[in-house]
Amino acid sequence: MAKVLVIGEQLNGALSAATPKVVACAQALNPESIDVALFGAGDLAGAAEAAAKFAGVGKVLTVSNPANEHPLAAVLAPQIEALISEGGYTHVLASSSTTGKDVLPRVAAKLGVTQVTDIMAVHGANSFTRPTYAGNALVTVEVPEGQIVLGTVRGASWQAAEEGGSGAVESRELGVELPSHTRFVSQETSKSDRPDLQTAPKVVSGGRGVGSEENFKVIFSLADKLGAAVGASRAAVDAGYVPNEMQVGQTGKIIAPELYVAVGISGAIQHLAGIKDAGTIVAINKDEEAPIFEIADVGLVGDLFEVLPALEKELS
Amino acid sequence: MKVLVGVKRVVDYNVRVQVKPDGSGVATEGVKMSVNPFDEIAIEEALRMKSAGKADEVIAVSIGPQAAQEQLRTALAMGADRAILVETDQTLEPLTVARVFKALVDQEQPGLVILGKQAIDDDAGQTPQMLAALWDRPQATFASKVEIEGESAKVTREVDLGLETIEIDLPAVISADLRLNEPRYVKLPDIMKAKKKPIGTHTLEELGVEIAPALKPVKTEAPQARQGGHKVESVSELVAELKNKGLI
Ligand SMILES: Cc1cc2nc3c(=O)[nH]c(=O)nc-3n(C[C@H](O)[C@H](O)[C@H](O)COP(=O)(O)OP(=O)(O)OC[C@H]3O[C@@H](n4cnc5c(N)ncnc54)[C@H](O)[C@@H]3O)c2cc1C
């Protein structure tokens, strides 16, 4: 039976919203046990307690080490390898976050296996569905029998795991040598009080049609009215209207809000790859032929600079 | 310093791929093929390093069918000095591809390998990290800015939280994200000139590469198509509909 190690993630001691979804994927394997590993530099108790509450979690293994202050793949990989060989796991799952995507293939190569990227569905211990071609072809793959399974989990395909467990928290010292060839320098994050793009139930995104950084305030204003997070197309990010972490799509964030409002976005397949699992898609675009209307549940043809103020007024 | 760049032949990003009715994969016959867009960015970055005097030679590598020569010709026309085709008709998985790159790294001893962060066909996103692991060298994935500073490089990475800058010792592997640069257009005279540049060929056997145990594809299916909805005529209709659905 499966023994799963989930590579959890935390930020400033709080469990990341991506981890409960990875645990949900682990639960779908009907495993004998699920352990969650957490790496960091400071106090990991809060994140560990949160992780221990998920149904089926046996142990939360915390690895606190100054070297783990920022998740660097080259530093994390040997520690994950150590946990794997200690625990005799059959499956190791991480989020398809930039951290998971960075580190897990490095571990997989050391173990001599190919990783299953972006798991959307589980059909037994060795069989998984994953997206290819920006989500336009879904492939079901089988991992060779007897081989350890390493996979990243596509957040938008999974609901957060059910709680109801009471796992034990154990802190671990791993006597592994860590490389010094990779060093953290700095991080730039734009602070925002708005909901998190990846987990918000409502998202308003702006595209090239918005026209400038200055104009983007109409998007923020509508989002605030709706209590929504703000996203953007690649074109809007490339043009410098908003920072990169707001990009939605094949190479940005893949999200599944209940409501997605696309404003001044044409609907390129790479953008649509990021919103396929959204509940209701609303498109506002002045070009009635824009491909976004082919998939939008509700479309409104019009100039966004007229539509958005009117919409806000109606909402008040 | 030599820079090795990866050039994967993939279905062009503008093509809407069709899943074959028998579930055996996607239809690629007669479909336009191009250089993986992220690899084009990798090539461009290497070429800019060369013009800035940070690199001496840019070597473009493709692993794939003979037809991948076309994509290598594009890389040569962009300005790569020479190309290597590791010819195979099998579909190789990231681990095997990483092993091939490792074998070439052993031969060529580059200071840097730049690969696209993912290929837009299998969207696996593993090869750069795997090469770094097999080579036991640093990796800087999802790069949006690279500065070579002597024996090390400062790389800004696009991460979920924003931008992260790390410093890595060379040699190392970098994976290119979309905003690293804007690749140049290839001009006709460059295409003519590129015809004279050499493409060396190898086989997996020559490089001593063992094919890694593969994930077995069982079936390929199209995603459930979203039911296109309808258009409303006015803002008030839009609001009414969203209220109806309980969304606002
Ligand atoms: C490898 C690769 C990966 C990619 N990854 C992503 C990704 O992750 N995410 C992503 O979004 N894109 C991605 N792209 C880019 C994608 O192909 C498109 O170029 C991009 O999504 C276009 O952004 P856009 O819709 O904002 O701009 P455009 O296509 O230029 O569309 C702008 C739209 O705004 C409308 N408009 C203009 N003015 C107004 C107005 N006043 N009122 C109302 N409407 C107006 C126009 O009618 C038009 O439809 C990727 C591309 C490649 C090659």
Open item on the list: Given (1) within 21 Å of B:Ala103 (Cα to Cα); (2) surrounded by fewer than 20 Cβ atoms within 10 Å (Cβ to Cβ); (3) charged (D, E, K, R), identify the lone condition not met by B:Asp39.
Closed with: (2)
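Quick one: which residue in A:Glu245, A:Glu306, A:Glu288, A:Glu258 is within 8 Å of chain B (Cβ to nearest Cβ) and farther than 26 Å from A:Ser190 by Cα?
A:Glu288
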Open item on the list: For region B:136-168: of the residues being without any contact (Cβ under 8 Å) to a residue 24 or more places away in the chain and closer than 18 Å to B:Lys50 by Cα, which is nearest to the other protein chains (Cβ to nearest Cβ)?
Closed with: B:Lys154
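To keep it simple, each residue is scored yes or no on (1) free of Cβ contacts under 8 Å to residues at least 24 places away in the same chain; (2) farther than 30 Å from A:Ala278 by Cβ; (3) assigned to a loop (DSSP other than H, G, I, E, B).
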residue: A:Gln79; (1), (2), (3): no, yes, no
residue: A:Glu86; (1), (2), (3): yes, yes, no
residue: A:Ala108; (1), (2), (3): no, yes, no
residue: A:Leu138; (1), (2), (3): yes, no, no
residue: A:Gln147; (1), (2), (3): no, yes, yes
residue: A:Val176; (1), (2), (3): no, yes, yes
Task: Those residues of region A:291-316 which are among the aliphatic types (A, V, I, L, M) and either over 22 Å from A:Pro257 (Cα atoms) or in a helix (DSSP H, G or I) (or both), in sequence order - done: A:Ile292, A:Ile295, A:Val301, A:Leu304, A:Val307, A:Leu308, A:Ala310, A:Leu311, A:Leu315
Open item on the list: Six or more apart or on different chains, Cβ atoms under 6 Å: show the pairs whose first residue is in region A:261-272 and more than 16 Å from A:Ile284 (Cβ to Cβ) and within 9 Å of another protein chain (Cβ to nearest Cβ) and whose second is within 6 Å of the ligand (Cβ to nearest atom) and assigned to a loop (DSSP other than H, G, I, E, B).
Closed with: A:Gln270/A:Gly249; A:Gln270/A:Gln250
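Taking region A:11-24 as the region of interest, how many residues are closer than 18 Å to B:Asp160 by Cβ and crowded, with 20+ Cβ neighbours inside 10 Å? Before you say what the answer is, go through the steps one by one.
Filtering region A:11-24 down to residues closer than 18 Å to B:Asp160 by Cβ leaves A:11-22.
Still in the running and crowded, with 20+ Cβ neighbours inside 10 Å: A:15-16, A:18-22.
Summing the residues that are closer than 18 Å to B:Asp160 by Cβ and crowded, with 20+ Cβ neighbours inside 10 Å in region A:11-24 gives 7.
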Open item on the list: I'd like to know if region B:120-135 contains one or more residues that are more than 8 Å from chain A (Cβ to nearest Cβ), open to solvent by 30 Å² or more (accessible area, probe 1.4 Å), over 18 Å from the mean Cα position of the chain (by Cα) and modelled with pLDDT of 95 or more.
Closed with: yes
TODO: Any chance you could count how many residues in region B:149-190 are under 14 Å from A:His70 (Cβ atoms) and assigned to a loop (DSSP other than H, G, I, E, B)?
DONE: 2
- [ ] Those residues that are of a type in the set (A, V, I, L, M, F, W, C), within 14 Å of B:Gln227 (Cα to Cα) and either open to solvent by 40 Å² or more (accessible area, probe 1.4 Å) or near the ligand (Cβ under 10 Å from one of its atoms) (or both), I need them from region A:257-282; list them, please.
- [x] A:Leu272, A:Ile275
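Answer yes or no as to whether A:Arg183 is of a type outside the set (A, V, I, L, M, F, W, C), at negative phi and away from chain B (no Cβ under 12 Å).
Working: of a type outside the set (A, V, I, L, M, F, W, C): yes; at negative phi: yes; away from chain B (no Cβ under 12 Å): no.
Judged against the criteria, A:Arg183 is not a match.
The values are calculated or read from the model by the stated rules, or taken from the named source; none is laboratory data. From a predicted model like this one, the values you see are computed outputs, not experimental measurements. Here the Cβ is made from the backbone with ideal geometry for all residues, glycine too, and neighbour counts use every protein chain on show. The area values use the complete protein model at the heavy-atom level, side chains included, leaving out ligands, DNA and RNA. Shrake-Rupley method; radii C 1.70, N 1.55, O 1.52, S 1.80 Å.
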